[in-house]
Amino acid sequence: MFAFLSAPENIVFVSALVLMLLLGIVQAVGLAGDADFDAPDWLDWLGFGRVPLLVVIVLLLASFGLIGLIGQQLARDIFGILVPGWIAVPGAGALALPATALSARLIAPILPQDHTTAIDIETLVGSGATILTGRATTGSPARARVEDWHGQAHYLMVEPDNAGQVFEEGERVLLVRREGDVFRAIAVGDHHLPRLGI
């Protein structure tokens with residue numbers, strides 16, 4: 001067995017499996033973070049987007065290594081020789097791609113899915129906010145606090161949408177639009193904000 005695995009024709013396949021094991025160990029002990037990777041559309045079929053990037057790499061290495069070694073074992077059993085690397089490596093690589101895609105589709109439903117509470121800041125328009133620091137006048141924004149629908153607090157700069165209006169600390173306002181880094185707001189007054197129960 002050792003002679004088979006250490007044969008020059010098999011060293012690439014064994015190396016792929018060793019690298020796959022090392023990546024698995026690194027992930028298991030938590031040394032690797034989840035990398036965000038925007039794959040081109042033509043790579044979607046390989047599993048990018050369905051499973052994390054590291055999982056796709058592990059599946060590709062495992063598929064390549066196992067297909068290569070199984071192919072070499074069959075060649076030795078049938079023909080009595082190992083296939084030269086310049087033939088075996090491209091062949092195993094070509095077969096590993098669809099095998100990786102299939103594996104990614106099979107394991108995607110059982111892997112935990114990413115969940116994010118990140119939002120587009122533009123979606124805060126229509127929310128109620130509280131002036132925290134400063135006095136907001138036209139051209140002079142004040143710092144305000146607003147919560148999104150996840151309950152996450154956001155701190156932003158707010159100034160009145162109407163000329164001559166002033167917002168004092170502690171005042172509740174309604175964000176009506178965004179201009180660059182500043183949100184325009186109107187006084188809550190008698191306005192009803194069903195999202196916030198005001």
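Results, tabulated for the structure shown:
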quantity	calculated
Those residues of the stretch 144-185 which are aromatic (F, W, Y), under 22 Å from I119 (Cβ atoms) and not in a loop (DSSP other than H, G, I, E, B), in sequence order	Y155, F183
Which numbered condition E168 fails, given (1) at pLDDT 90 or above; (2) surrounded by 11 or more Cβ atoms within 10 Å (Cβ to Cβ); (3) not aliphatic (A, V, I, L, M)	(2)
Test: residue in the stretch 131-143 that is part of a helix (DSSP H, G or I) and either over 26 Å from the mean Cα position of the chain (by Cα) or at pLDDT below 95 (or both)	no
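The values are calculated or read from the model by the stated rules, or taken from the named source; none is laboratory data. These numbers come from a predicted model, not from an experiment. Glycine also receives a Cβ, built like all others from the backbone with ideal geometry; neighbour counts cover every protein chain displayed.
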